[in-house]
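S.K.: Got a structure here, written out as structure tokens. Questions coming.
No value in this document is a laboratory result; all are computed from the given coordinates. For clarity, every value in this text was computed on a predicted model and none was experimentally measured. Virtual Cβ from ideal backbone geometry, glycine too; neighbours counted across all protein chains shown.
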Amino acid sequence: MKHYKISDRLKAALLRAARTFAQTAAASIGVCALISEVNWVEVLSASLLSAILSMLMSIGGLPEVKESE
């Protein structure tokens, strides 16, 4: 049976979600020709959804968190 410190798992999941949020935001902003054309509501919405999905995917496990005995 795998044992993890919850704080380690939570930190790793939050870090992964933050990275996913930033990557989605960067990709969403990057498709606009000018910064004034960016629909910020859509960027934040898509980025937040990506971060939530990342957190849900982390329930299955995180390879960066090592097992403790």
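S.K.: Being of a type in the set (Val, Ile, Thr) and in a helix (DSSP H, G or I) is the filter here, so list the residues in segment 10-39 that pass it.
M.R.: Residues satisfying the conditions are THR20, THR24, ILE29, ILE35.
S.K.: Of the numbered conditions (1) over 27 Å from SER7 (Cα atoms); (2) exposed (fewer than 10 other Cβ atoms within 10 Å of the Cβ), SER28 satisfies every one except a single condition; which is it?
M.R.: (2)
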